[in-house]
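Reading through the structure tokens given below for one structure.
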Amino acid sequence: MNTTETLPDLNSPTASDPPKYRFPIPEGMPSTEAIFATIVESSQLPREKSQSLPPGAYVDPAFLDFEASEIFRKEWISLAHISQLPNPGDFIKVDICGEPMVVARGKDDVIRVLSRVCRHRGMDVMPNGANYPDKGNERVILCPYHLWSYEMSGRLVGVPEMQEAEGFDRTEICLHEYRSEIWEGFIFVTLSEEIPPLAEKYDGLREQFMGKWNLSEAELVWDQHWSCDFNWKILLENFMEAYHHLGAHRKTLEPFLPAKGCWTEPYDENYSVMHLPLREDMKEEILASGDAGTTMKPFPGLEVEDYTEWWVYLGFPNFLIFNAPDRTYWYRLLPTGPETCSLTTTMLIHPSTKEEKGYDETYESEVAAAIKFHLEDMEVCEATQRGMKSSVATPGRLSHLEEPIWHFQKYLAEKIKAHSS
Ligand code: FES
Ligand SMILES: [Fe+2]
């Protein structure tokens with residue numbers, strides 16, 4: 001992962017990029033119902049016969065409507081890590097399928113997920129144009145329209161010229177607070193009042209796999225927003241398979257995380273886990289010396305065997321984690337349209353790493369390396385999306401190295417069945 005390259009000038013757009021023109025779906029592409037039926041059918045195939053999703057699932061607006069209502073509005077969605085909001089007043093804006101939200105730490109030190117919909121006439125209280133960046137620190141949220149102001153806990157504290165509004169009581173008004181939970185340091189939200197707590201869904205993932213990293217103590221040291229021209233599932237599937245190390249990352253990841261050795265844990269209805277062992281000679285060296293050989297300090301809870309591989313986790317539907325012994329990449333991925341998505345790539349480390357000599361240079365080179373392999377992913381994801389709207393695109397057969405894609409398909413099929421019943 002060491003590189004001396006400097007950061008490219010990304011000139012990254014913000015989370016509020018305008019929508020782009022969408023070309024029509026070609027005539028003859030299967031209907032949404034037919035796409036549902038194909039997914040349910042192919043999710044039942046054994047892994048050896050598995051195939052990719054039908055192309056329509058990546059372009060059909062009605063398919064995204066289904067995902068928005070059955071997945072993004074009914075599941076736990078990860079929004080931020082607690083280390084991004086260390087101080088009262090810290091906030092991060094995020095939109096989930098038409099729900100403008102802000103994750104904020106109040107002066108009572110509580111982290112909440114609030115709606116950005118003003119309780120006066122419904123304006124987004126923190127528009128970019130009014131100098132509200134995607135993240136920052138504020139004492140109050142001042143709605144720029146008529147200057148109603150809210151504490152970072154959501155409480156309405158200032159209302160000009162409302163003295164003649166009969167029965168109006170400012171103290172009864174608050175920005176809506178969504179149901180949220182903190183799990184392993186990550187702040188999740190759900191729009192559902194019915195789904196069980198997050199622990200019931202992901203505790204197996206923590207106990208068997210992720211727990212050793214103790215990410216609630218980690219610090220998020222890098223984040224980069226990407227406005228993407230591809231369906232969110234293209235990125236998710238790319239993230240979850242190591243087959244593409246052979247092609248897309250042949251010069252970056254393949255030399256030390258060869259695709260060939262990767263393997264996947266059996267299917268679980270809540271998550272998918274893939275192992276990415278290091279190259280054989282690197283493994284042997286680590287086991288012989290007990291030294292992780294990493295550029296940064298390994299997470300303290302790990303044992304020597306844990307130094308010999310990297311891991312990829314997908315907590316359904318879209319909690320994406322790529323763990324190495326010395327860093328974690330967490331990707332926040334949200335659809336913004338049938339053929340677009342909003343992605344934030346991040347890196348978390350153990351805070352003690354920052355005290356190491358030469359940390360600043362290591363940080364620079366690790367971020368450059370992360371961007372480099374991510375740009376390789378961006379290129380293949382954009383190019384894959386281009387194929388999805390072709391009149392001749394069809395599902396293709398999957399390698400055993402793409403097993404997590406088959407797992408995700410099974411999850412999707414369950415959601416389709418629940419939606420159709
Ligand atoms: S809409 Fe926010 S103050 Fe009027
Ligand atoms: Fe990749």
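The values are calculated or read from the model by the stated rules, or taken from the named source; none is laboratory data. The structure presented is a predicted model; accordingly, all values stated were derived computationally and were not measured. A quick note on method: Cβ atoms are made from the backbone with ideal geometry, for glycine too, and the neighbour counts reach across all protein chains shown.
Number of residues in segment 102-144 that are of a type outside the set (A, V, I, L, M, F, W, C) and within 18 Å of Met162 (Cα to Cα): the value is 5.
Determine whether segment 139-149 contains at least one residue that is aromatic (Phe, Trp, Tyr), farther than 30 Å from Met274 by Cβ and modelled with pLDDT of 95 or more. Within segment 139-149, one or more residues are aromatic (Phe, Trp, Tyr), farther than 30 Å from Met274 by Cβ and modelled with pLDDT of 95 or more.
Yes/no per residue for (1) in contact with a Ser or Thr (Cβ under 7 Å, 6 or more places away or on another chain); (2) over 18 Å from Leu333 (Cβ atoms); (3) crowded, with 20+ Cβ neighbours inside 10 Å:
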| site | (1), (2), (3) |
| --- | --- |
| Glu184 | yes, no, yes |
| Leu205 | no, no, yes |
| Trp232 | no, no, yes |
| Gly247 | no, yes, no |
| Lys251 | no, yes, no |
| Asn270 | no, no, no |
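Table: residues versus (1) within 11 Å of ligand 1 (Cβ to nearest atom); (2) of a type in the set (A, V, I, L, M).
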residue: Met126; (1), (2): yes, yes
residue: Tyr132; (1), (2): no, no
residue: Val140; (1), (2): no, yes
residue: Cys143; (1), (2): yes, no
residue: Met152; (1), (2): no, yes
residue: Val159; (1), (2): yes, yes
residue: Glu166; (1), (2): no, no
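Residues checked against (1) at pLDDT 95 or above; (2) away from ligand 1 (no atom under 16 Å from the Cβ); (3) touching a Ser or Thr at 6+ places or on another chain (Cβ under 9 Å); (4) farther than 19 Å from Phe230 by Cβ:
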position	(1), (2), (3), (4)
Ser50	yes, yes, yes, yes
Phe63	yes, yes, yes, no
Phe91	yes, yes, no, yes
Gly98	no, yes, no, yes
Asp108	yes, yes, yes, yes
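Considering only residues of segment 227-264 that are part of a helix (DSSP H, G or I) and of a type in the set (A, V, I, L, M, F, W, C), which is farthest from ligand 2 (Cβ to nearest atom)? Steps first, please.
So in segment 227-264, the residues part of a helix (DSSP H, G or I) come out as 232-240, 243-245, 259-261.
Next cut, of a type in the set (A, V, I, L, M, F, W, C) only: 232, 234-236, 239-240, 259.
Details: Trp232: 15, Ile234: 12, Leu235: 9, Leu236: 11, Phe239: 7, Met240: 10, Ala259: 10 Å.
Among those that are part of a helix (DSSP H, G or I) and of a type in the set (A, V, I, L, M, F, W, C), it is Trp232.
On the given criteria, is Arg386 under 21 Å from Lys260 (Cα atoms) and either at pLDDT 95 or above or not hydrophobic (A, V, I, L, M, F, W, C) (or both)? Spelling it out, it is not the case that Arg386 is under 21 Å from Lys260 (Cα atoms) and either at pLDDT 95 or above or not hydrophobic (A, V, I, L, M, F, W, C) (or both).
Remark: pairs (first residue in segment 242-253, at pLDDT 95 or above; second residue near ligand 2 (Cβ under 10 Å from one of its atoms) and of a type in the set (Val, Ile, Thr); Cβ separation under 7 Å; 6+ apart in sequence or on different chains) = His244/Val380; Ala248/Val380. I'd like the full set of residues that are under 19 Å from the mean Cα position of the chain (by Cα) and either of a type in the set (S, T, N, Q) or outside the structural domain of Thr294 (by TED's automatic domain parsing) (or both), limited to segment 362-420. Those that are under 19 Å from the mean Cα position of the chain (by Cα) and either of a type in the set (S, T, N, Q) or outside the structural domain of Thr294 (by TED's automatic domain parsing) (or both): Gln385, Gln409.
Note on segment 168-187: among residues that are out of contact with any strand residue (DSSP E or B) (no Cβ under 6 Å at 6 or more places or on another chain) and within 30 Å of Trp76 (Cβ to Cβ), the one that is farthest from ligand 2 (Cβ to nearest atom) is Glu172. Contact map, segment 205-222: residues that are more than 18 Å from Ser352 (Cα to Cα) and free of Cβ contacts under 8 Å to residues at least 60 places away in the same chain paired with residues that are among the aromatic types (Phe, Trp, Tyr) and part of a helix (DSSP H, G or I), Cβ distance under 8 Å, separation 6+ or inter-chain. No pairs are found. Before we move on, is Gly98 free of Cβ contacts under 8 Å to residues at least 24 places away in the same chain, surrounded by fewer than 16 Cβ atoms within 10 Å (Cβ to Cβ) and more than 16 Å from ligand 2 (Cβ to nearest atom)? Spelling it out, it is not the case that Gly98 is free of Cβ contacts under 8 Å to residues at least 24 places away in the same chain, surrounded by fewer than 16 Cβ atoms within 10 Å (Cβ to Cβ) and more than 16 Å from ligand 2 (Cβ to nearest atom). Just one of (1) surrounded by fewer than 17 Cβ atoms within 10 Å (Cβ to Cβ); (2) in the same structural domain as Arg386 (by TED's automatic domain parsing) fails for Pro26. It is (2).
For segment 313-323, check the following and say yes or no: at least one residue is more than 16 Å from ligand 1 (Cβ to nearest atom), modelled with pLDDT of 95 or more and touching a Cys at 6+ places or on another chain (Cβ under 6 Å). Within segment 313-323 (the criterion being more than 16 Å from ligand 1 (Cβ to nearest atom), modelled with pLDDT of 95 or more and touching a Cys at 6+ places or on another chain (Cβ under 6 Å)), the answer is no, since none of the residues qualifies.
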